[in-house]
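Here the structure comes first, spelled out in structure tokens, and everything after it is commentary.
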Amino acid sequence: MDTTEALAELDAELDEEGLAALVEALRQRGFTVIGPTVREGAIVLAELASADELPHGWGVETEAGTYRLRRREDRAAFAHSAGPQSWKTFLHPPRARLWQADRAEDGTVTVREDDDPPPRYAFLGVRPCDLRAIAVQDRVLTGGAYADPVYGSRRAGVFLVVVECTEPGGVCFCASMGTGPGLPDGSAYDLALTETVGPDGPHYLVRAGSPDGEDVLAELPTHPTDGEHARTAVADAAGRMGRSMDSTDLRALMAGTMTAERWDQVADRCLTCGNCTMVCPTCFCTTTEEVTDLTGDHAERWRRWDSCFDLDFSYLHGTGPVRSSARSRYRQWLTHKLGTWYDQFGSSGCVGCGRCIAWCPVGIDITEEVAALSAEAATPDGAP
């Protein structure tokens, strides 16, 4: 094999200069680039003006009820696990105006739908677990007979730059859910990066997953590499997950433990605050509310996130809340997420990101609860 043929078989790699060129290339194409950055003691998702705003040299420490930033000795930009936000914030926003109405002096009312076009997003730094979460929400919000126009308009044309995980966190369990740390087969994306750090700084194995991705990649200053070190780093990360979950037939486990004593134990700790649903990348429940100005001549309808932990979420007129106890509300959340989600949407609603564990004020651990339910189901009646 001559040198030209050998180079043709090598993978492409970016250095920090190439990563900066990627952000600029996306901005030049008119995309609003959203990616991780450090803000107020956390790594959050926000608009990036340049690659300099990425969290170079920052990592995180996560445990049940714990999230802390920590300094790293290198300039890795993606060596951190999931933060308090997911891409749901931009595709299925916490608040969205649906329509507004105005009453004229003659009493006629004009209603206008809120159809302003959303930004053209490019998401930089999407983890494989979050990529699966986007696919789940695609199925939930646009895959049925009644598609959500807010989600659909924001999702259309999003440019996805996925970053495979080489630094799993203490609450991550994507490997046991089949959603990471590498890209699962059949994933839909535009570009995929894998970050490794050497003596001369971070490098990024890069590959295209779409024609649009190929067009952008063709403009970037890449270097040939064999890519083996990057693939090894991803494989090693699968063995360093902070948590695991036995995902074998979770639907049957949830259906068979509806009266388990474990629900009472977790209810004694649960604050029903709804943090787990807010940070979850797949939870999608909403409610609507109307607001008016002081004159009463202008009204608006807004949609906002809601949670099955809210006491009024299951309220029925003349009856009251269907799920009035913490036990029933936590059970509703977990059995839907891991059980009846399969009946509705053909998959689990959990992608193993671990956010619900880290951001629970009392440190309730979904993997621990599933293990306890499984153990109780396996114990014969009357056994100690």
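Things to note:
- The set of residues in segment 349-382 being surrounded by fewer than 19 Cβ atoms within 10 Å (Cβ to Cβ) and either under 17 Å from Glu61 (Cβ atoms) or under 19 Å from the mean Cα position of the chain (by Cα) (or both) consists of Gly363 alone.
- Any chance Val33 is within 19 Å of the chain's Cα centre (by Cα), closer than 30 Å to Pro149 by Cα and surrounded by fewer than 20 Cβ atoms within 10 Å (Cβ to Cβ): no
- Segment 46-56, subset over 19 Å from the mean Cα position of the chain (by Cα) and surrounded by fewer than 16 Cβ atoms within 10 Å (Cβ to Cβ), residue nearest to Ser244 (Cα to Cα): Asp52
- If only residues of segment 117-156 that are of a type in the set (Ser, Thr, Tyr) and without any contact (Cβ under 8 Å) to a residue 60 or more places away in the chain are counted, the one that is surrounded by the fewest Cβ atoms within 10 Å (Cβ to Cβ) is Tyr146.
- Residue list for segment 108-158, restricted to those being touching a Ser or Thr at 6+ places or on another chain (Cβ under 7 Å), part of a loop (DSSP other than H, G, I, E, B) and under 20 Å from Pro281 (Cβ atoms): Pro118, Pro119, Asp148
- Exactly one residue out of Asp106, Asp74, Asp114 is touching a strand residue (DSSP E or B) at 6+ places or on another chain (Cβ under 8 Å), surrounded by fewer than 19 Cβ atoms within 10 Å (Cβ to Cβ), of a type outside the set (A, V, I, L, M, F, W, C) and farther than 30 Å from Met241 by Cα: that is Asp114.
- Being outside any loop (DSSP other than H, G, I, E, B) and among the aromatic types (Phe, Trp, Tyr) is a condition met by no residue of segment 163-175.
- Any pair with Cβ under 8 angstrom, 6 or more apart, that starts in segment 201-217 at a residue that is at positive phi and assigned by TED's automatic domain parsing to the domain that holds Val163 and ends at one that is in a helix (DSSP H, G or I) and buried (at least 17 other Cβ atoms within 10 Å of the Cβ): Gly201/Glu16
- Evaluation of Phe123 against the conditions (1) out of contact with any Leu (no Cβ under 7 Å at 6 or more places or on another chain); (2) aromatic (Phe, Trp, Tyr); (3) at pLDDT 95 or above shows that the sole unmet condition is (1).
- Pick from segment 157-191, criterion small (Gly, Ala, Ser) and farther than 26 Å from Glu61 by Cβ, ranking: surrounded by the most Cβ atoms within 10 Å (Cβ to Cβ): Ser187
- Those strands (runs of 3 or more DSSP E) of segment 16-94 in which at least 1 residues are of a type in the set (Ser, Thr, Tyr), considering only elements entirely within it, cover 32-39, 58-63, 66-71.
- Any hit, segment 290-306, residues being assigned to a helix (DSSP H, G or I) and hydroxyl-bearing (Ser, Thr, Tyr): no
The values are calculated or read from the model by the stated rules, or taken from the named source; none is laboratory data. The shown structure was predicted, so the numbers you read here are calculated from the model rather than taken from an experiment. We place every Cβ from the backbone using ideal geometry, glycine too, and count neighbours over all the protein chains shown.
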